[in-house]
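Peer 1: Below is a structure I'd like to ask you about.
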């Protein structure tokens, strides 16, 4: 039944193929129950001078006979195409395979089966595959299979079953003009359950490190083999080899295309000689032999070889002209052996697919992400872990992770990591995960507030190589500890990311250049600038705030209930916004805030740039400053301009921190109508003032307060005796602090009464 079905498919294939104008003839060769063989005679268009000779100079005939193989599961599989046995092999876009097999052309980028399937009708798929084959033959005759303008196209290594994983860029960086080799430590997996040699229905996977190892006679621990999870595994080595220079001292450049045909050690030597790498390969194998003298190991151990070919142009998609050609063969230290290679020069050698080891550069290229300076993560909880993983998968280097809390079972609801109940600290576990992405972040598990206050530990949390540090702790104390740092001692630019409204909202703060505005400044500015009702509800309504969740008997955690989907969606968006901020050179700080719509997943994002705050030392208690937003200064100057001949003033709105010794002013309330203005004095009225203060306080979610008053002077003079008396009176009438700001024509003064206890 299978044979009859394959015959029918073969006949249908011929009908579709003959429809192509360049198909001169076609015929069924053999039909079995597993496959069907077909021959096609294809016309190859080429320049007239080639046609006269019946072939191109490189041996492509004007009529090429191609063998097509239909497999038993056709049309669920794509046809396989084979060229004649004496077809020229020094061409690109030939699939890898030994010289004993018919050469196979590579007709399309990517999967041929997907290309075949995309046309829907089988007949159309056949026609287009034949068309691709005709184009391939024409370009082979004209030697235009490689588009040199795009760079050197690496040798095809598709569909190889053996894999070698290595840091390709590190290997290329090791290549010098003098020639040489490095022996690198590696580990392997072998699929065979019975210890079979390479190439006998067994695939091999080699992970190659950049750790160099010497080959010593007494160091057999490099070569270990055992079973792990049903597979053979162990330790071995891989030899990286690059070409010797020419006798003239010039670099050796391999400018000829050589399809992958290596299948035995003799042909590996020939290929190495073609690349001027033969000397080093022979030295390495000789050293292997000496290493195993007097030592027996019956089981086979795979060994990797990577030949570095120096090409005349940079590889496609790379800035390097070094092409890596990886192989694997087995050594076997049997008793009474003549060589570690049991079959000598006929020892099987398998070309392997080279896969780049996971590293930031690879991940950035795959992601298409922009380059971002290294980032230090402060906080490794649900938001911090997600952001760290998003950034790392985009190729951003995470230089340090900081958190002093442990990963607990309830954290699995939203954390980026999945760990058993006995997991280590959040920072340690996150660092382990980042190592799988080719990163090596340092781990800090101390109290960030305490450690940031000490220069030595501060340098560990905020290393100088980091371009940014992101606070994701949702901790006011950590924010203030970061804001309190002297600008000269903060090398990274600080940012803060947090969610609110049970994941329906999120904000990102990025401080300004020179640590101004600080994160604390930006939070005050955020609270002062929110006018959207949806944002105000999410940010300030207690119904959307923290809730105690039971995580064990008699044990609860204060957290914000939300699904991992909600947290992940908002955190991913915040990470994108952060990456965008790193791509500009704006000196101002930034506030980016988003909120999800009530009935849909649509999220609205708003951005606000915040100019540096004006910082003024306060006359009175030592070390205190007043920090004025530019919006406040603009309002004050506008008010002064309206009353150029008399003093005027108003009320200051903002936040106060005794730890920062700072009063941050982000808004003003205009003077009440019963205020008195004259050339020598301003008296703030009281009509409606308390009502205005309460309304402003409620509008800010009870976060902003009246923190003092301001008034103008007509001349550049500081606080008068009356001002000092007023400051003392304010201090007696209300809880501290209460600042008095004076706006003179060319400068600002600030005054606060110093209490006796201070």
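Peer 1: Sort out which residues of region 81-122 are within 17 Å of residue 61 (Cβ to Cβ), crowded, with 19+ Cβ neighbours inside 10 Å and touching a residue at least 24 places away in the same chain (Cβ under 8 Å), and write them in order of number.
Peer 2: Passing the criteria: 81, 87, 91, 94, 103, 105.
Peer 1: Those residues that are touching a helix residue (DSSP H, G or I) at 6+ places or on another chain (Cβ under 7 Å) and closer than 20 Å to residue 136 by Cα, I need them from region 5-36; list them, please.
Peer 2: 13, 16, 17, 19, 20, 22, 23, 26 - these are the residues of region 5-36 that are touching a helix residue (DSSP H, G or I) at 6+ places or on another chain (Cβ under 7 Å) and closer than 20 Å to residue 136 by Cα.
Peer 1: Taking strands (runs of 3 or more DSSP E) that do not extend beyond region 28-84, which have at least 2 residues that are under 27 Å from residue 256 (Cβ atoms)?
Peer 2: Here the list reads 63-71, 80-82.
Peer 1: Next question. Would you confirm whether or not region 427-438 contains a residue that is touching a helix residue (DSSP H, G or I) at 6+ places or on another chain (Cβ under 8 Å), crowded, with 16+ Cβ neighbours inside 10 Å and more than 24 Å from residue 207 (Cβ to Cβ)?
Peer 2: no
Peer 1: Go over the candidates 304, 317 one by one and state the one that is at pLDDT 85 or above and either surrounded by 22 or more Cβ atoms within 10 Å (Cβ to Cβ) or under 28 Å from residue 153 (Cα atoms) (or both).
Peer 2: Among 304, 317, only 304 is at pLDDT 85 or above and either surrounded by 22 or more Cβ atoms within 10 Å (Cβ to Cβ) or under 28 Å from residue 153 (Cα atoms) (or both).
Peer 1: Anything in region 84-96 that is under 21 Å from residue 153 (Cβ atoms) and more than 35 Å from the chain's Cα centre (by Cα)? List them, or say none.
Peer 2: 87, 88, 89, 90, 91
Peer 1: Among the numbered criteria (1) within 35 Å of the chain's Cα centre (by Cα); (2) within 15 Å of residue 186 (Cα to Cα); (3) part of a loop (DSSP other than H, G, I, E, B), which single criterion is violated by residue 238?
Peer 2: Result: residue 238 passes all but (3).
Peer 1: Now for a different question. Given the residues 347, 274, 323, 270, which is the only one that is in contact with a helix residue (DSSP H, G or I) (Cβ under 8 Å, 6 or more places away or on another chain), in the same structural domain as residue 186 (by TED's automatic domain parsing) and at pLDDT 90 or above?
Peer 2: 347
Peer 1: Being part of a helix (DSSP H, G or I) and surrounded by 15 or more Cβ atoms within 10 Å (Cβ to Cβ) is the filter here; which residues of region 647-698 pass it?
Peer 2: 689, 692, 693, 696, 697
Peer 1: Looking at 376, 369, 423, can you tell me which residue is under 17 Å from the mean Cα position of the chain (by Cα), part of a loop (DSSP other than H, G, I, E, B), surrounded by 16 or more Cβ atoms within 10 Å (Cβ to Cβ) and in the same structural domain as residue 497 (by TED's automatic domain parsing)?
Peer 2: Checking each option against the conditions leaves just 369.
Peer 1: Within region 341-359, how many residues are surrounded by 20 or more Cβ atoms within 10 Å (Cβ to Cβ) and closer than 19 Å to residue 264 by Cβ?
Peer 2: Within region 341-359, residues that are surrounded by 20 or more Cβ atoms within 10 Å (Cβ to Cβ) and closer than 19 Å to residue 264 by Cβ number 6.
Peer 1: Being out of contact with any strand residue (DSSP E or B) (no Cβ under 7 Å at 6 or more places or on another chain), in a helix (DSSP H, G or I) and either modelled with pLDDT under 95 or over 18 Å from residue 13 (Cα atoms) (or both): is that true of residue 135 here?
Peer 2: Yes, satisfied.
Peer 1: Residue 502 - would you say it is at pLDDT below 95 and assigned by TED's automatic domain parsing to the domain that holds residue 381?
Peer 2: It is true that residue 502 is at pLDDT below 95 and assigned by TED's automatic domain parsing to the domain that holds residue 381.
Peer 1: Right, here's the next one. If a residue must be touching a residue at least 60 places away in the same chain (Cβ under 8 Å) and surrounded by fewer than 20 Cβ atoms within 10 Å (Cβ to Cβ), how many such residues does region 395-416 contain?
Peer 2: 4
Peer 1: Which residue pairs have Cβ atoms closer than 9 Å, lie 6 or more positions apart in sequence or on different chains, and pair a first residue in region 664-675 that is within 22 Å of residue 524 (Cα to Cα) and not assigned by TED's automatic domain parsing to the domain that holds residue 695 with a second residue that is modelled with pLDDT of 95 or more and assigned to a strand (DSSP E or B)?
Peer 2: Here the result reads none, with nothing in region 664-675 linked to a residue that is modelled with pLDDT of 95 or more and assigned to a strand (DSSP E or B).
Peer 1: Taking residue 653, is it under 20 Å from residue 745 (Cβ atoms) and in contact (Cβ under 8 Å) with a residue 24 or more places away in the chain?
Peer 2: no
Residues are listed down the side, and each one gets a yes or a no for (1) over 28 Å from residue 334 (Cα atoms); (2) free of Cβ contacts under 8 Å to residues at least 12 places away in the same chain:
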position: 226; (1), (2): no, yes
position: 247; (1), (2): yes, yes
position: 265; (1), (2): no, no
position: 295; (1), (2): no, no
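Peer 1: Which of the residues belonging to region 379-394 are over 19 Å from residue 566 (Cα atoms) and crowded, with 22+ Cβ neighbours inside 10 Å?
Peer 2: Those that are over 19 Å from residue 566 (Cα atoms) and crowded, with 22+ Cβ neighbours inside 10 Å: 379, 392.
Peer 1: Any residue at all in region 168-183 that's crowded, with 20+ Cβ neighbours inside 10 Å and outside the structural domain of residue 205 (by TED's automatic domain parsing)?
Peer 2: No: zero hits.
The values are calculated or read from the model by the stated rules, or taken from the named source; none is laboratory data. In this text the structure is predicted, and so the values were computed from the model without any measurement. Note that we place each Cβ from the backbone using ideal geometry, even for glycine, and neighbour counts take in every protein chain shown.
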